[in-house]
Amino acid sequence: MPEALLEIRDLTKRFGGLTATDRASLTVLRSEIHALIGPNGGGKTTLIHQISGALRPDAGTIRFAGIDVTRMPMHRRVRAGLARSYQVTNIFARCTVLENVALAVQARSGSSLEFWKPLAADDAIFGEALALIEAIGLSAKADAPGAQLAHGEQRRLEVALALATRPALLLLDEPMAGLGPEESEGMVELLQRLKQSTTLLLVEHDMDAVFRLADRISTLVFGKVIATGTPEEVRAHPEVRKAYLGIDG
């Protein structure tokens, strides 16, 4: 049995009279793809915000790599190996693909980066950036401004920005959002490759992609985790079938 990388216990977050996460508990195992599914408004993004440090829970604990990070600020979680992407693409539109990724590498390494100098002046940074660009399949677009990329390519670039932090766990919030069939297929293939080096926790509504990708799935309904298991176990779970998959019986 792989060791637990992320352990969430009884995580609760309230906004006034609304309980967004209600004693939610789940465990993400090292080297797995773990999917978080559920109806709109079920609390999935709020849970991801708490894991990443964007929101502080009202109760409960978050342990990452054996360390209690419940009250650790986001930037320290990133340094510890916990990174995320967002529902809305977040890139530097005027910078090239290479510059976007090089800036992310530089931010992690803390070294200086001056774009008016020759590439040779920053060999290590640009070498790592180019390797990441190749890994996400955008080598041919390295010199293209971010604004000129297709939506699916921008989503890939955002994954590269997160990977530049060298995460042990990557949180992905709806990576298929807005993608066409061909782009979605490309993203599925990319995430399957990433599993070789990075544990993934993803929120996703594309059930075809979820059942292809996930080793295990947790279902969140009204802020509660009602089931966790393999895709086959979750698909057969009566509460999940009724509450989310729309199948009664």
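The values are calculated or read from the model by the stated rules, or taken from the named source; none is laboratory data. Just so we're clear, the structure is a prediction, and the values are computed from it rather than from any experiment. Backbone-built Cβ (ideal geometry, glycine too); neighbour counts: all protein chains shown. Ligands, DNA and RNA are stripped out before the accessible areas are found, and what is left, the full protein with its side chains, is counted by its heavy atoms. Shrake-Rupley method; radii C 1.70, N 1.55, O 1.52, S 1.80 Å.
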Notebook entry, point to check: Can you pull the percent of the chain's accessible area that's carbon plus sulfur, 1.4 Å probe, other chains left in place?
Noted result: 52
Checklist line | Helix-derived mean residue ellipticity, 222 nm - over the chain, DSSP H n ≥ 4, -39500 (n - 2.57), to 500 | finding: -10500 deg cm²/dmol
Check: Using the Cβ atoms and a cut-off under 13 Å, what net charge is assigned to the surroundings of Gly180, where Lys and Arg are +1 and Asp and Glu are -1?
Finding: -4
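Given 0.36 nm per residue, what is the gain on full extension from Asp143 to Met207 after removing their alpha carbon distance, in nm?
Between Asp143 and Met207, full extension yields 19.6 nm more.
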Checklist line | Three-way shape call for region 1-94 based on the alpha-carbon gyration tensor, with the a/c threshold at 1.5 | finding: rounded
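Where a ≥ b ≥ c are the square roots of the eigenvalues of the C-alpha gyration tensor, would you call region 123-169 rounded, which needs a/c under 1.5, or, failing that, prolate if a/b is larger than b/c, or oblate?
On the way: a/c = 2.20, a/b = 1.27, b/c = 1.73.
The shape class here is oblate.
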Note to self: 7 Å from Cα along Cα→Cβ at both Ser197 and Glu3: what's the point-to-point distance in nm?
What the structure shows: 2.1
Notebook entry, point to check: How big is the charge dipole of the chain about its Cα centre, in debye rounded to the nearest 20, if each Lys and Arg gets +1 on its Cβ and each Asp and Glu gets -1 on its Cβ?
Noted result: 920
Next item on the list: Quick one: which residues, 5 or more positions from Asp58 or on another chain, have an amide H under 5 Å from its amide H? H modelled 1.01 Å from N in the peptide plane, none for Pro or chain starts.
Entry: Thr12, Lys13, Arg14
Check: Once the chain is represented by equal point scatterers at the alpha-carbon sites, with solvent omitted, what log10 I(q)/I(0) does the Debye formula produce at q = 0.12, 0.15, 0.17 Å⁻¹?
Finding: -0.70, -1.05, -1.29
Next item on the list: Could you work out the equivalent-ellipsoid semi-axes for region 170-249, taking the square root of 5 times each eigenvalue of the Cα gyration tensor, largest first, in whole Å?
Entry: 23, 14, 12
Check: Tally Lys/Arg at +1 and Asp/Glu at -1 over every other residue whose Cβ is under 10 Å from the Cβ of Glu32; what's the total?
Finding: +2
